[in-house]
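Below: the structure, in structure tokens.
The values are calculated or read from the model by the stated rules, or taken from the named source; none is laboratory data. All of these numbers come straight from a predicted model, not from anything done at the bench. Every residue, glycine as well, gets a Cβ built from its backbone with ideal geometry; the counts of neighbours run over all protein chains shown. Keep in mind that these areas ignore ligands, DNA and RNA; they rest on the heavy atoms of the full protein, side chains included. Shrake-Rupley method; radii C 1.70, N 1.55, O 1.52, S 1.80 Å.
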Amino acid sequence: QVQLVESGGGLVQAGGSLRLSCRVSGSFFSANAMGWYRQAPGKQRELVAVINYGGSTNYADSLKGRFTISRDNAKNTAYLQMNSLNPEDTAVYYCNAEIRRTNYWGQGTQVTVSS
């Protein structure tokens with residue numbers, strides 16, 4: 001059974017940084033695209049960043065320059081480095097992975113930025 005195991009969320013002050021991790025477990029196959037999405041209270045889930053197996057990336061325009069997505073294919077793990085966080089970044093962050101044309105979601109990890 002494929003699972004996405006997320007870690008790294010928490011509470012941070014404005015201006016601080018966090019690094020999220022998402023590890024694919026239970027799969028014999030490497031993920032093709034992996035990505036991060038977020039959902040703030042009362043808002044729709046939105047794309048943060050995606051990265052494909054070859055390392056090509058795509059970011060939400062508003063987050064370019066502050067967030068960096070990366071991956072370690074050997075570990076089937078994706079990372080999201082978040083810098084200069086502000087209270088508007090407060091949300092549940094979800095990992096997504098496409099494996100053999102099937103999309104999987106993590107359980108979400110809470111990121112809270114205090115002012």
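Is it fair to say THR90 is touching a Gly at 6+ places or on another chain (Cβ under 8 Å) and either surrounded by 14 or more Cβ atoms within 10 Å (Cβ to Cβ) or within 13 Å of SER21 (Cα to Cα) (or both)? So THR90 fails the test. Kindly evaluate SER30 against the criterion of being at pLDDT below 95 and either of a type in the set (Ser, Thr, Tyr) or under 18 Å from ARG71 (Cβ atoms) (or both). Spelling it out, SER30 is indeed at pLDDT below 95 and either of a type in the set (Ser, Thr, Tyr) or under 18 Å from ARG71 (Cβ atoms) (or both).
A count restricted to segment 75-115 and to residues that are small (Gly, Ala, Ser) and part of a strand (DSSP E or B) stands at 4.
Would you check if there is a residue in segment 38-57 being under 17 Å from ARG19 (Cβ atoms) and among the aromatic types (Phe, Trp, Tyr)? No, that holds for no residue.
Of the residues making up segment 1-13, those that are in contact with a strand residue (DSSP E or B) (Cβ under 6 Å, 6 or more places away or on another chain) and of a type outside the set (D, E, K, R) are VAL2, GLN3, LEU4, VAL5, SER7, GLY8, GLY9, LEU11, VAL12, GLN13.
If you go through segment 9-64 and pick out every residue that is of a type in the set (Gly, Ala, Ser), more than 22 Å from GLU98 (Cα to Cα), open to solvent by less than 60 Å² (accessible area, probe 1.4 Å) and not in a loop (DSSP other than H, G, I, E, B), you end up with 1. Cβ separations smaller than 6 Å between residues 6+ apart or across chains give the following pairs from segment 104-115 residues that are touching a residue at least 24 places away in the same chain (Cβ under 8 Å) to residues that are among the hydroxyl-bearing types (Ser, Thr, Tyr) and surrounded by 15 or more Cβ atoms within 10 Å (Cβ to Cβ): TRP105/TYR94; GLY106/TYR94; GLY108/TYR94; THR109/TYR93; VAL111/TYR93; THR112/THR90; VAL113/THR90. Just one residue in the set GLN81, GLN44 is at pLDDT 95 or above, in contact with a strand residue (DSSP E or B) (Cβ under 8 Å, 6 or more places away or on another chain) and under 22 Å from THR112 (Cβ atoms); that residue is GLN81.
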